[in-house]
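To start, the structure itself, in structure tokens.
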Amino acid sequence: MKNLNKIFIIEDDLNILYGLRDIFASNDFELDISDSKEDLEELISKIRKFKPDSIILDMVLPEIDGQELIRRIKSDSEISNAEIFIFTDLSDEDGRARGVGLGANYYFMKNEFDIYVFSGKVMRVMRRESLSADDEKDDEETEDLLIMD
């Protein structure tokens, strides 16, 4: 069983960023975080250095284009295998399709966002992903996590 326990979180809202950091850290995940104040090249370099299993990304950031960041991650052989969890205020179907089309694995809406519910869903997905290929006991429970409202 592969242990997927390295998460990189990119979020400009410091309350959400540090809240998620604390929840995942208390559940024994190894973390690195960004408040998105770096430029795109610095952020990509930081992600490469950390080599995360998963990236939690707020798509709407003040300094960085979230779509371009996903493109860069997915085209970089050192980090392209990281699963990307998008969470955003963008609620239109086109935004969802673009995010998933760019290579994001999961899409969550921020409306009525609760960091405990969100982090629980991410941990369930990561547990499922770490199971061996022939163990499908969590598949039904997590089927609905591709696009979440």
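The numbers here are math on the coordinates, done by the rules we state, and not lab data. Every value quoted in this text rests on a predicted model; they were computed, and no experiment measured them. Using ideal geometry, Cβ is built from the backbone for each residue, glycine included, and neighbour counts are taken over all protein chains shown.
In the neighborhood of L14, defined by Cβ-to-Cβ distances under 14 Å, what is the net charge if each Lys or Arg adds +1 and each Asp or Glu adds -1?
Net of charged neighbours comes to -4.
For the pair K37/R127, report the inter-label distance in nm, with labels modelled 7 Å from Cα in the Cβ direction.
Computed distance between label sites K37 and R127 equals 3.6 nm.
In this model, which of K6/K49; K49/K74; K37/K121; K6/K46; K6/K51; K46/K74 are farther than 18 Å apart at the alpha-carbon?
The answer is K37/K121.
Restrict the search to segment 1-82; then list the trypsin sites (Lys or Arg not before Pro) that DSSP places in a loop and that have at most 12 other Cβ atoms within 10 Å of their Cβ.
K2, K37
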